[in-house]
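Worksheet: one structure, shown below.
What follows is calculated from the coordinates using simple rules that are stated; it is not laboratory data. This one's a predicted model, so the numbers in the text were calculated from it and none came from an experiment. All Cβ positions, even for glycine, are placed from backbone atoms using ideal geometry, and neighbour counts span all protein chains on display.
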Amino acid sequence: MHILVTGGAGFIGSHVVDLHLAKGHKVHVVDDLSTGTIQNAERYFGNPLYKFDHADLLTFDRIREVAAWADRVYHLAAVVGVFRVLQDPTAVLASNIAACERLLRAVAASNWKPDVVLASSSEVYGHRDDGNLRETDDLIITAGLNPRWSYPISKIADEALGVAFAHKHGIPITLIRFFNTIGPRQRGKYGMVVPRFVKQAVAGEPLTVFGDGLQTRSFCDVRDTVQFLDQLANRSNDGIKAVNVGNDREISILDLAKLVIERAGSQSEIRFLDYQSAYGEPYEDIRRRHPSLDLLHSLTAHGHRYTLEDTIDHLIAEVRTQTG
Ligand code: UDP
């Protein structure tokens, strides 16, 4: 099987690569290394099944050739992370929407119809806090004219592109609404609370909780996530669908901070920061994010293998090894 992974040097992408190389599949990664890292690509150099192109999808000149080669496409390349989104909201809109369209056009141009797994996000649910977010719910984006919303808007546009190309060209597409994903190789540079807390706890520094810490998230280990993606891709011929992918254990950010401190046996304190100080500008956070996983479980046979504690313990051990 031939697998194309855009954003394959990123955090989730590199785990998708792991999964398919382990199955003996040929994997081609295209990544501009804007959030991905060369280390995530280099780890496979020398593997004859692996090919890497350091390229931006907006200008990659062999996009059609590579799309025609693939049996399955994971489109994971995107500008992600709250810090990056706030730094460069125009890049979010340009890259996320235009690159997705260019890729789908390339797929449509080949006579071959690979299964396409297209990365969307739980951010498309906006700031609804009713819990148990379902794929059939309306998507609500605030009327606030703040660049913070460029990310969910770009992902809603990607979903619309996916629907349009699936409809017009019969391409089998699955839209993945990723809920907070965590695990090995995730970096805290652009946001991403768990690696940040782990690093702070191991270093004995204060854990920086933004806002009152009562906002909640539901975290899923990436090694579970990629199993779900693989199984969903196998079913993409069932017709276009949007599916929540995550874990439904909900935890407040303050409790997360306490848990990380406890698991690390750390003496770190918790420091509250208002959003203005944290992000350098006013920020509208999502108060509650909790997925309904009914659809995911009805379409897949995978059960979560990693608890939040497992992932945190793994990350603590990883940071300790790196820092010696
Ligand atoms: N957060 C925090 N401290 C940090 C980084 C993030 O308290 O050092 C909070 C952030 O405000 C949000 C939650 O943790 O409420 C999750 O943030 P992340 O950027 O990981 O993901 P997202 O906001 O996209 O869910």
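Below is a table of values for the structure above.
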item	result
Thr321/Ala91 FRET efficiency (R0 30 Å; Cβ-Cβ; nearest 0.05)	0.35
Likely footprinting exposure, Trp69, Trp149, Trp112, fewest C-beta neighbours within 10 Å first	Trp112, Trp69, Trp149
Per residue, the convex hull volume that the Cα atoms of the chain enclose (Å³)	125
Relative contact order (%) - criterion: Cα under 8 Å, at least six apart; region: the chain	18
Ranked Thr6, Thr225, criterion: other C-beta atoms within 10 Å, fewest first	Thr225, Thr6
Trypsin sites (Lys or Arg not before Pro) restricted to region 253-314 and DSSP loop, no more than 10 other C-beta within 10 Å	Arg305
Helix-only CD estimate at 222 nm, as mean residue ellipticity for the chain, using -39500 (n - 2.57) per DSSP H run (n ≥ 4)	-11500 deg cm²/dmol
Cα-centre dipole for the chain with unit charges at Cβ (Lys and Arg positive, Asp and Glu negative), debye to 20	620
Region 257-303 shape via C-alpha gyration tensor axes, a/c threshold 1.5	oblate
Ranked list, fewest to most other Cβ atoms within 10 Å of each Cβ, for His314, His20	His314, His20
Part-to-part distance (alpha-carbon centres) for region 173-252 and region 52-92, which is given in Å	20
Net charge over other residues, Cβ less than 11 angstrom from the Cβ of Thr6 (K, R count +1; D, E count -1)	-3
Residue pairs, from the table Lys155/Lys199; Lys26/Lys168; Lys113/Lys155; Lys26/Lys258; Lys23/Lys258, whose Cα atoms sit over 31 Å apart	Lys26/Lys258; Lys23/Lys258
Against the rule of thumb 2.2 N^0.38 Å, how large the Cα Rg of region 209-289 comes out	1.47
